[in-house]
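K.L.:
Pasting in a structure now, in structure tokens, and then I'll have a few things to ask.
The values are calculated or read from the model by the stated rules, or taken from the named source; none is laboratory data. Because the structure is predicted, anything quoted here is derived from the model rather than measured. Reconstructed Cβ throughout: ideal geometry from the backbone, glycine too, with neighbour counts over all protein chains shown.
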């Protein structure tokens, strides 16, 4: 195509697009009017989702470190629910084991490799001062750096406080993956777009719990609505000493940790 | 004041260009190309439309009320059905589409209950090589109400971490009951009756005080050593720091 053809095409394309949209809008208005007049009964299951009002919610998660047993059931459930690739290195949520040793060393490992045997060497326990698990996921920051850096506006915060990725707009430039201070994003190997935890948005709007919270056997994960006065999260937030990851970055995470150790980064 | 002809013409050209840009931006280019709220609404709608794999415990209770009543009384009352049985939204939608998996071997339960030093103390943890080897867990424990078939005789059944730490410490040969009095109820309802802990410095002094009969125990002057603090505020009895 030469320049002349291109310009000609442009002159035709944009006005045509505008006209088409006008026509589509007019058609939509008409169908809406007929729908209202016909008063069709809504499909089964639809009312719950359509009655959902994002303005009335603001979601967050609480994590109680002292309750996590590191069983990885949340990781498996997340992968099953959200079609996250089974291979290691692709995680929307993961669990880290922290071991703080006598020489002030901090050993951090991701424990999500299936079937990996627990440590069977009590002799090593002599050098361990304390050890615990830390579940991690997207913090759904109030000021998300990933949203700021996205060059095409593909990632954004919803009204109910969830950071989503528009997989059809994402160009896979990986800038957000670099920008996230929590390492919560990865590039999905099939779609070649950025992917991350979305609090199981499709479940939450229907009043269900995110998959990881649903299966957590010790209630180490707590999901809830910060705008509600009687949600599990509000109570968790009131009853515990709360800390967030990397508060100095002013990202204002909405994943709140109780009993978080100072060594956790 | 008379404007020169060339300024008027230039003004006309600029005016036409500005008008063309404004018309182009706001009238000609379709809104769906530039409106962020439309993109975001489409994304939200696409996310909401994603299929669910986990039905949620409430959905299971609708049909399996016998199991859920049993489970609600036991230690596993807070567990989700799908935590062990796997995602079952398909089964909840259409029960004839196949049964969710039921783990009956020795692999599933240890995912939570194998000993791991990083787990919180007091969480029931076993050593699968010594705990009834090769027997499937469900021969003795009903997973919906996992009461041990017989009351555990040894403390390590639940307190594996303390047991293992103690095993490599100078107190390895002491029984737990040397220092703790365990009410019988503690074995059947652990949280309703807690074992006692030594409360005085003299308790440790019975072995570690000057003139105590134990030959190999390090001796201190209990009345002076450590001032007003209790022994365990510095020494962890299950792994006394005194010896490397």
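K.L.:
Tell me which of these residue B:208 doesn't satisfy, since it passes every other one: (1) touching a strand residue (DSSP E or B) at 6+ places or on another chain (Cβ under 9 Å); (2) surrounded by fewer than 17 Cβ atoms within 10 Å (Cβ to Cβ).
P.N.:
(2)
Residues checked against (1) at pLDDT below 70; (2) within 8 Å of chain B (Cβ to nearest Cβ); (3) surrounded by 12 or more Cβ atoms within 10 Å (Cβ to Cβ); (4) more than 29 Å from the chain's Cα centre (by Cα):
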residue	(1), (2), (3), (4)
A:9	no, no, no, yes
A:16	no, no, yes, yes
A:37	yes, no, no, yes
A:60	no, no, yes, no
A:66	no, yes, yes, no
A:84	no, no, yes, no
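K.L.:
Residue B:101: in a loop (DSSP other than H, G, I, E, B), at negative phi, within 13 Å of chain A (Cβ to nearest Cβ) and surrounded by fewer than 18 Cβ atoms within 10 Å (Cβ to Cβ), yes or no?
P.N.:
So residue B:101 fits the description; yes.
K.L.:
Test residue B:157 against the criterion of being at pLDDT 85 or above and either farther than 21 Å from residue A:66 by Cβ or touching a strand residue (DSSP E or B) at 6+ places or on another chain (Cβ under 8 Å) (or both), and give yes or no.
P.N.:
no
K.L.:
Condition first: under 23 Å from residue A:95 (Cα atoms), touching a helix residue (DSSP H, G or I) at 6+ places or on another chain (Cβ under 6 Å) and not in a helix (DSSP H, G or I). Can you find one or more residues in the range A:186-195 that meet it?
P.N.:
Yes: one or more hits.
K.L.:
Just a yes or no: is a residue in the range A:231-243 part of a loop (DSSP other than H, G, I, E, B), surrounded by fewer than 16 Cβ atoms within 10 Å (Cβ to Cβ) and within 14 Å of another protein chain (Cβ to nearest Cβ)?
P.N.:
No, the range A:231-243 contains no residue that is part of a loop (DSSP other than H, G, I, E, B), surrounded by fewer than 16 Cβ atoms within 10 Å (Cβ to Cβ) and within 14 Å of another protein chain (Cβ to nearest Cβ).
K.L.:
Looking at the range B:135-151, which of its residues are surrounded by 14 or more Cβ atoms within 10 Å (Cβ to Cβ), touching a residue at least 24 places away in the same chain (Cβ under 8 Å) and in a loop (DSSP other than H, G, I, E, B)?
P.N.:
Within the range B:135-151, B:136, B:141, B:143, B:144, B:146 qualify.
K.L.:
Please give the number of the condition residue A:190 fails out of (1) touching a strand residue (DSSP E or B) at 6+ places or on another chain (Cβ under 8 Å); (2) outside the structural domain of residue A:135 (by TED's automatic domain parsing).
P.N.:
Evaluating residue A:190 over (1) touching a strand residue (DSSP E or B) at 6+ places or on another chain (Cβ under 8 Å); (2) outside the structural domain of residue A:135 (by TED's automatic domain parsing) leaves (1) as the failure.
K.L.:
Continuing with this model, one more query. Please state which of the following conditions residue A:206 fails to meet, knowing it meets all the rest: (1) within 14 Å of chain B (Cβ to nearest Cβ); (2) buried (at least 16 other Cβ atoms within 10 Å of the Cβ); (3) at negative phi.
P.N.:
Going through the list (1) within 14 Å of chain B (Cβ to nearest Cβ); (2) buried (at least 16 other Cβ atoms within 10 Å of the Cβ); (3) at negative phi, residue A:206 breaks only (2).
K.L.:
Right, next: Among the residues of the range A:120-149, write down those that are at pLDDT 95 or above and assigned to a loop (DSSP other than H, G, I, E, B).
P.N.:
A:138, A:139, A:140, A:141, A:142, A:143, A:144
K.L.:
Which one is surrounded by the fewest Cβ atoms within 10 Å (Cβ to Cβ), of the residues in the range B:62-90 that are more than 9 Å from chain A (Cβ to nearest Cβ), in contact with a helix residue (DSSP H, G or I) (Cβ under 6 Å, 6 or more places away or on another chain) and farther than 15 Å from residue B:143 by Cα?
P.N.:
B:90
K.L.:
Here's something else I'd like to know. Of these, A:164, A:226, which one is under 26 Å from residue B:37 (Cα atoms) and at pLDDT 95 or above?
P.N.:
A:164
K.L.:
Please enumerate the residues belonging to the range B:36-51 that are within 7 Å of chain A (Cβ to nearest Cβ) and surrounded by 12 or more Cβ atoms within 10 Å (Cβ to Cβ).
P.N.:
Residues satisfying the conditions are B:39, B:40, B:43, B:44, B:47, B:48, B:50.
K.L.:
Something else: Out of all the residues in the range A:223-238, which are farther than 12 Å from residue A:161 by Cβ and out of contact with any helix residue (DSSP H, G or I) (no Cβ under 7 Å at 6 or more places or on another chain)?
P.N.:
Listed by number, the residues that qualify are A:229, A:230, A:231, A:232, A:234, A:235, A:236, A:237, A:238.
K.L.:
Then there is this: Just checking, how many residues over the range B:48-61 are part of a helix (DSSP H, G or I) and in contact with a helix residue (DSSP H, G or I) (Cβ under 8 Å, 6 or more places away or on another chain)?
P.N.:
Residues meeting the conditions: 5.
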